[in-house]
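Step one of this worksheet: look at the structure below.
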Amino acid sequence: MSLILAIETSCDETAAAVVRDGQVVISDVVLSQVEVHREHGGIVPELASREHVRKIVPVLREVLEALSDPVAELDAIAVTHGPGLAGSLLVGVNVAKALALAWDKPLLAVHHLESHLYANWLAGQEETPPPFPCLCLVISGGHTSMVLVEDHAKYRQLGQTLDDAAGEAFDKAARILGLGYPGGPAVEQAARQGQAGRYKLPRAWLRGTHDFSFSGLKTALYRLAQEERRREASLHYGQEPGPDERPPGEVPRLSRAGEFPPLEEQVTADLAAAFQESVVDVLVRKTAEAANAYGVLAVLLAGGVAANARLREEMALRLSVPLRVPPPTLCTDNASMVGAAAHYHLLRGEYAPLDLDVYPNLPLIASE
Ligand code: KG4
Ligand code: ZN
């Protein structure tokens with residue numbers, strides 16, 4: 001039995017939760033910073049850490065309202081210590097340390113990817129916990145990782161992205177299509193009205209590996225979108241298509257959302273659908289291959305991109321083992337998943353020291 005207060009501030013969500021036995025969410029608060037970052041077209045690290053500083057105490061106050069006597073009831077304080085933005089991680093880690101010290105509780109340090117995959121252990125989705133061995137595809141704004149989970153704390157990273165993360169690819173696609181920020185949900189929504197077959201986009205198979213690559217797809221989308229913009233301009237205003245001054249294949253780094261003008265609605269929808277289909281196709285086929293190769297008993301999805309309905313649908317269709325996906329609110333960053341993973345740290349007596357640091361590039365290491 002355990003009751004854990006969990007804190008998550010690795011990126012742009014200020015989140016806290018109280019979780020019982022790594023399974024039952026007692027209370028959960030997520031304060032999104034989307035509005036703060038929107039005008040910049042992406043996350044600005046300095047603004048993110050400042051927002052965490054301002055919001056962490058109100059978020060903790062709210063989440064602790066579920067308990068009548070937190071000091072007496074809680075067994076431990078858990079926090080994400082990496083990977084993530086250093087300045088953001090520092091806020092959560094310092095608050096967690098202060099509470100652990102003041103309330104004399106064990107401190108538990110959780111890896112962000114580990115927490116994402118433990119979203120699948122939170123009750124409410126399935127009666128029974130996921131079986132071992134299982135394969136977990138962690139697809140978020142910062143990661144695309146295929147992880148073989150042989151037991152609690154026994155992970156093997158089979159593959160990862162060699163360039164952009166899947167969520168990052170969605171975010172960049174949204175910019176290229178003039179859909180703004182955050183990109184994933186915007187691309188998914190646009191794609192609903194689109195025909196994926198109108199445009200041909202590449203798929204990087206990287207055969208013989210469990211790795212991924214999405215940067216070629218992004219470049220191909222950029223070229224198609226620019227071609228369409230030139231076509232639309234010449235059609236509407238009789239202009240000659242101007243030369244594209246950027247070197248071929250280079251996608252400009254944009255600092256502000258909306259720098260790319262919107263395309264015709266149907267063109268946007270069709271390009272979004274073609275892009276989404278390409279990402280989904282690669283993720284699904286490579287996951288199915290790995291699931292067969294390792295004889296796993298289930299596939300788990302985790303991370304923000306797992307909220308994508310088209311991906312869930314196609315995975316469920318093409319896998320030969322059961323698929324488990326957390327509800328969308330537990331796919332994106334939250335603290336309940338940190339509490340779920342931390343429960344098993346507590347059972348194993350894996351306590352973090354009070355001089356715990358933050359690790360922006362922390363690898364997911366298996367503790368054998
Ligand atoms: O896990 P998460 O909240 O944060 C990270 O740890 O990165 O994932 C955020 C990422 C963003 O890139 C966002 O565009 C993507 O997940 N995302 C989606 C969808 N919802 C969020 N991508 C595709 N379809 C969605 N419905
Ligand atoms: Zn995340």
Item to check | Ile43, sole failed condition from (1) assigned to a helix (DSSP H, G or I); (2) surrounded by fewer than 23 Cβ atoms within 10 Å (Cβ to Cβ) | outcome: (1)
Checklist entry - Among the residues of segment 5-34 satisfying the criterion of being away from ligand 1 (no atom under 11 Å from the Cβ), open to solvent by 30 Å² or more (accessible area, probe 1.4 Å) and free of Cβ contacts under 8 Å to residues at least 40 places away in the same chain, which is nearest to Val91 (Cα to Cα)? => result Leu31
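Among the listed residues Val79, Val18, Val110, Val34, which satisfies the condition of being within 16 Å of ligand 2 (Cβ to nearest atom) and more than 27 Å from Gly183 (Cβ to Cβ)? Full working, then the answer.
Values: Val18 fails: within 16 Å of ligand 2 (Cβ to nearest atom); Val110 fails: more than 27 Å from Gly183 (Cβ to Cβ); Val34 fails: more than 27 Å from Gly183 (Cβ to Cβ).
From the options Val79, Val18, Val110, Val34, the qualifying one is Val79.
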Checklist outcome for this item: Exception for Ala342 within (1) more than 16 Å from ligand 1 (Cβ to nearest atom); (2) assigned by TED's automatic domain parsing to the domain that holds Gln157; (3) buried (at least 24 other Cβ atoms within 10 Å of the Cβ); (4) not charged (D, E, K, R) falls at (2)
Checklist entry - What strands (runs of 3 or more DSSP E) completely inside segment 109-190 contain at least 2 residues that are among the polar types (S, T, N, Q)? => result 144-151, 154-160
Item to check | Residue within segment 91-100 that is within 13 Å of ligand 2 (Cβ to nearest atom), open to solvent by 40 Å² or more (accessible area, probe 1.4 Å) and either not polar (S, T, N, Q) or not in a loop (DSSP other than H, G, I, E, B) (or both) present | outcome: no
Next on the checklist: Out of Val53, Val18, Val57, I need the residue that is assigned to a strand (DSSP E or B) and either farther than 15 Å from Thr80 by Cβ or not assigned by TED's automatic domain parsing to the domain that holds Ala76 (or both). Which one?
Outcome noted: Val18
Item to check | Conditions (1) more than 16 Å from ligand 2 (Cβ to nearest atom); (2) of a type in the set (S, T, N, Q); (3) not assigned by TED's automatic domain parsing to the domain that holds Lys172; number of the one not met by Thr287 | outcome: (3)
Checklist entry - Scanning for something in contact with a Phe, Trp or Tyr (Cβ under 8 Å, 6 or more places away or on another chain), within 16 Å of ligand 1 (Cβ to nearest atom), part of a helix (DSSP H, G or I) and assigned by TED's automatic domain parsing to the domain that holds Asp75, does segment 304-327 turn up at least one residue? => result no
Next on the checklist: I'd like the residue in segment 147-163 that is more than 16 Å from ligand 2 (Cβ to nearest atom) and open to solvent by less than 10 Å² (accessible area, probe 1.4 Å) and, out of all such residues, is farthest from the chain's Cα centre (by Cα).
Outcome noted: Ala153
Item to check | Residue list for segment 92-137, restricted to those being within 16 Å of ligand 1 (Cβ to nearest atom) and among the charged types (D, E, K, R) | outcome: Glu114
Item to check | Residue check, Arg312 more than 15 Å from ligand 2 (Cβ to nearest atom), under 17 Å from the mean Cα position of the chain (by Cα) and surrounded by fewer than 20 Cβ atoms within 10 Å (Cβ to Cβ) | outcome: yes
Checklist outcome for this item: The number of residues in segment 164-191 that are open to solvent by 30 Å² or more (accessible area, probe 1.4 Å) and either of a type in the set (Gly, Ala, Ser) or within 18 Å of Arg229 (Cβ to Cβ) (or both) is 3
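The values are calculated or read from the model by the stated rules, or taken from the named source; none is laboratory data. These numbers were taken from a predicted model, which means no experiment stands behind them. With ideal geometry, Cβ positions are generated from the backbone for all residues, glycine too; neighbour counts draw on all protein chains shown. Accessible surface is based on the protein model in full, side chains and every heavy atom, while ligands, DNA and RNA are left aside. Shrake-Rupley method; radii C 1.70, N 1.55, O 1.52, S 1.80 Å.
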